[in-house]
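The values are calculated or read from the model by the stated rules, or taken from the named source; none is laboratory data. Everything quoted here is computed from the prediction, not taken from an experiment. No Cβ is skipped: glycine too gets one built from the backbone with ideal geometry, and neighbour counts run over all protein chains shown.
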Amino acid sequence: MKPFLILQLRPEADAADNEFAAICAKGGLAPEAVKRVRLDCEDLPTGFDLSDYAGVIVGGGPGCVSDSPAEKSAIEAKIERDVLALMPEITARDFPFMGCCYGIGVLSHHLAKNVSKARFGEPVGTADCRLTEAGKADPLCQGLAPQFEAFVGHKEALQSLPEGCVHLVEAPSCPFQMIRYKENVYATQFHPEADAVEFEARIRIYKHKGYFAPEEAEKLIEMCHAADVTEPERILRAFVERYTV
C-alpha cells in the first residue's frame with residue numbers, strides 16, 4: 001500500500017508529536033502506513049513525487065497565512081513556503097488532500113487569497129457545526145450526525161467560498177468549517193483529529209500564544225472534557241479509508 005504523507009506545521013515538538021499520534025489514531029493509520037515530515041525542521045524527501053503517496057494530510061499550526069512577512073518568524077515563513085509550494089500540483093491533479101485548521105487557510109490562500117482576520121476567527125472551544133445539503137451527499141460525511149460539535153481555535157479564516165469549492169459544513173461562529181475543491185481536495189477549519197485529551201494538551205502548550213488569556217486555561221480544559229466531540233474524527237477516518245490504495 002502507498003503511505004499517506006503527513007505534513008506538520010507546528011514548531012513545538014511536543015505539540016507536533018501529540019498531533020501526529022492523534023492523526024494516526026483517529027485515521028486508523030499504522031506507523032508503516034505514513035510518511036511524516038515536520039516542515040519546521042525538515043524538507044520533503046529528495047526526489048519527492050506525489051504519486052508515491054495515497055494522499056496528503058496537513059496538520060494545524062500557530063502560523064497565519066494572512067500575516068505580513070514582517071510578522072512571520074523565519075521558521076513560520078519556511079513552513080508556509082514549503083506547504084504552499086505543493087498546492088498547485090495538488091489542486092491541478094485533484095490529488096487526495098485533507099487540510100486540518102491551518103490547512104483550510106493554505107488551500108484557500110492558494111485558490112483565492114481570501115484568508116484574513118477580518119471575520120470568523122473563533123476562540124478556543126467548540127463550534128456548533130451543521131452539514132449543508134452538499135455535505136449530506138459528500139462521501140466523507142456519510143453517516144455523520146447532521147449537527148455536531150467540533151474543537152476550534154483560530155485567529156484567521158477564509159472570508160468567502162473560493163471558486164470551484166463546495167461548502168460541506170457550516171457553523172454560526174464561522175461559516176466555512178469544511179470545504180471540498182473539485183472531488184478530492186478537502187479542508188476543515190475545525191480539528192478532525194482532536195479529542196478532549198489532545199485539545200487539553202494544546203491548551204497547555206499554547207497557553208501564552210495569544211489564543212486566550214492564560215488565566216482562562218483551566219476553564220477551557222474543563223469545557224473540552226464536558227463537550228461531546230465524537231463526529232469530526234469520523235471524517236478523518238473516512239478520508240483514509242476512501243483513499244487507501
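Residues of region 128-137 that are within 18 Å of the chain's Cα centre (by Cα) and either part of a helix (DSSP H, G or I) or surrounded by fewer than 23 Cβ atoms within 10 Å (Cβ to Cβ) (or both): 128, 130, 131, 135. Residue 96 meets each of the listed conditions (1) crowded, with 21+ Cβ neighbours inside 10 Å; (2) more than 21 Å from residue 169 (Cβ to Cβ) apart from (2).
Close Cβ contacts (under 8 Å, 6 or more residues apart or on different chains) running from residues in region 142-171 that are on the phi > 0 side of the Ramachandran plot and surrounded by fewer than 20 Cβ atoms within 10 Å (Cβ to Cβ) to residues that are assigned to a strand (DSSP E or B) and modelled with pLDDT of 95 or more comprise 164/181.
Within the option set 65, 83, being among the aliphatic types (A, V, I, L, M), crowded, with 19+ Cβ neighbours inside 10 Å, under 17 Å from the mean Cα position of the chain (by Cα) and under 19 Å from residue 192 (Cβ atoms) holds for one residue only, 83.
Taking the criterion of being assigned to a loop (DSSP other than H, G, I, E, B) and buried (at least 20 other Cβ atoms within 10 Å of the Cβ), the residues of region 186-197 that qualify are 189, 190, 191, 192, 193, 194. Applying the set (1) touching a strand residue (DSSP E or B) at 6+ places or on another chain (Cβ under 9 Å); (2) under 17 Å from residue 242 (Cα atoms); (3) of a type outside the set (Gly, Ala, Ser) to residue 26 leaves exactly one unmet item: (1). Number of residues in region 49-100 that are outside any helix (DSSP H, G or I), within 20 Å of residue 5 (Cβ to Cβ) and among the small types (Gly, Ala, Ser) equals 7.
One residue alone among 200, 183, 233 is out of contact with any strand residue (DSSP E or B) (no Cβ under 6 Å at 6 or more places or on another chain), more than 27 Å from residue 117 (Cβ to Cβ), in contact (Cβ under 8 Å) with a residue 12 or more places away in the chain and outside any loop (DSSP other than H, G, I, E, B), and that residue is 233.
Going by the conditions given, is residue 152 outside any loop (DSSP other than H, G, I, E, B) and at pLDDT below 95?
No, not satisfied.
When 209, 182, 219 are screened for being of a type in the set (Lys, Arg) and under 19 Å from residue 10 (Cβ atoms), only 209 passes. Each residue in region 68-80 was checked for being surrounded by 14 or more Cβ atoms within 10 Å (Cβ to Cβ), charged (D, E, K, R) and without any contact (Cβ under 8 Å) to a residue 12 or more places away in the chain, and 1 pass.
Among the residues of region 34-47, those identified as modelled with pLDDT of 95 or more and surrounded by 13 or more Cβ atoms within 10 Å (Cβ to Cβ) are 34, 35, 36, 37, 38, 39, 40, 41. One residue stands out among those in region 1-48 that are assigned to a helix (DSSP H, G or I) and of a type in the set (Gly, Ala, Ser): the one that is nearest to residue 202 (Cα to Cα), which is 15.
From the list 160, 173, which residue is more than 15 Å from residue 124 (Cβ to Cβ) and either outside any strand (DSSP E or B) or β-branched (Val, Ile, Thr) (or both)? Give the steps one after another, and end with the answer.
Numbers: 173 fails: more than 15 Å from residue 124 (Cβ to Cβ).
One residue alone meets the criteria, 160.
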